[in-house]
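**Q** Below you will find the structure I want to go over with you.
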Amino acid sequence: MVSAVEYTNNLAAPQEKTNNQINSVKKPKNSGKESPKVSKIIKKIRRSNNSINIATLNVRTLKHSENTSELEEAFSESNIAISGLAEVRRNGEKIIITKNGNLLYHIGDNSGQKGVGFIVKKEPKDKILEVRGISNRIALIKTEIGKTRTTYVQVYAPASKSSEDEIEEFYEKGRKKQKTTN
């Protein structure tokens, strides 16, 4: 089961929605019932025995070891299993097993800017099928938990002040990746 998680930019403060909260979700006033697709997803969540909390975090930089240590400490104290990371600002593509046994993956360019990645707790680490960087702004991780395969995509979109070429390159890589995964 993939739990619904609200994330408030603080690794130690996710708000997991329980099945009771999901059951009590109010339907919009203009609809008589849930859509069949939403209903199917909610039923799947309720009957699943596997749960995993996910989050995303703009880390602003992991260039220095103290930044990485601070991230790992906060991550270890949270109940989040997988967190997508943005603005990692590390050069190259690398998978690191941290001192606590977590998996840290990052991809970035030579300028030491941008960069995305994931940090994964050691418990679901053995459920990872693939970790792949598409660019210094897009990475994915595929997992199989129970009988459910899931792909998590971490995206760090260009800011509005970025050049037109950079924005177009970002969207083009995203379109190409979407075509190959559908």
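**Q** Please go through the range 49-78 and give me each residue that is surrounded by fewer than 16 Cβ atoms within 10 Å (Cβ to Cβ) and without any contact (Cβ under 8 Å) to a residue 12 or more places away in the chain, ordered by number.
**A** His64, Ser65, Glu66, Ser69, Glu70, Glu73
**Q** Now, a different point. Select from the range 126-149 the residues that are in a strand (DSSP E or B) and within 24 Å of Tyr171 (Cβ to Cβ) and list them in ascending order.
**A** In the first step, residues of the range 126-149 are kept if they are in a strand (DSSP E or B); the result is 128-135, 138-145, 148-149.
Passing the criteria: Glu130, Val131, Arg132, Gly133, Ile134, Ser135, Ile138, Ala139, Leu140, Ile141, Lys142.
**Q** Among the candidates Val88, Val38, Val120, Val131, which residue alone is farther than 28 Å from Ala159 by Cβ and either modelled with pLDDT of 90 or more or not assigned by TED's automatic domain parsing to the domain that holds Lys176 (or both)? Show your work before the answer.
**A** Values: Val88 fails: farther than 28 Å from Ala159 by Cβ; Val120 fails: farther than 28 Å from Ala159 by Cβ; Val131 fails: farther than 28 Å from Ala159 by Cβ.
Of the residues listed, the single one that is farther than 28 Å from Ala159 by Cβ and either modelled with pLDDT of 90 or more or not assigned by TED's automatic domain parsing to the domain that holds Lys176 (or both) is Val38.
**Q** Moving on. Within the range 74-81, is there a residue that is within 17 Å of Val153 (Cβ to Cβ) and either in contact with an Asp or Glu (Cβ under 8 Å, 6 or more places away or on another chain) or not assigned by TED's automatic domain parsing to the domain that holds Ala157 (or both)?
**A** Taking every residue of the range 74-81 in turn, at least one turns out to be within 17 Å of Val153 (Cβ to Cβ) and either in contact with an Asp or Glu (Cβ under 8 Å, 6 or more places away or on another chain) or not assigned by TED's automatic domain parsing to the domain that holds Ala157 (or both).
**Q** Here is a further query. Restricted to the range 135-157, and to residues that are within 18 Å of Ile96 (Cα to Cα) and without any contact (Cβ under 8 Å) to a residue 60 or more places away in the chain, which residue is surrounded by the most Cβ atoms within 10 Å (Cβ to Cβ)? First the steps, then the outcome.
**A** Taking the range 135-157 and keeping what is within 18 Å of Ile96 (Cα to Cα), we get 136, 139-143, 154.
When the remaining residues are screened for being without any contact (Cβ under 8 Å) to a residue 60 or more places away in the chain, the result is 136, 139-142.
Values: Asn136: 24, Ala139: 28, Leu140: 19, Ile141: 21, Lys142: 16.
Per the stated criteria, the residue is Ala139.
**Q** Moving on to the next point. Could you figure out which of (1) in a loop (DSSP other than H, G, I, E, B); (2) surrounded by fewer than 23 Cβ atoms within 10 Å (Cβ to Cβ) isn't true of Glu123?
**A** Status for Glu123: all satisfied but (1).
The values are calculated or read from the model by the stated rules, or taken from the named source; none is laboratory data. Everything numeric here is computed off the predicted structure, so don't read it as measured data. As a convention, Cβ positions derive from the backbone with ideal geometry for all residues, glycine included, and neighbour counts pool all protein chains shown.
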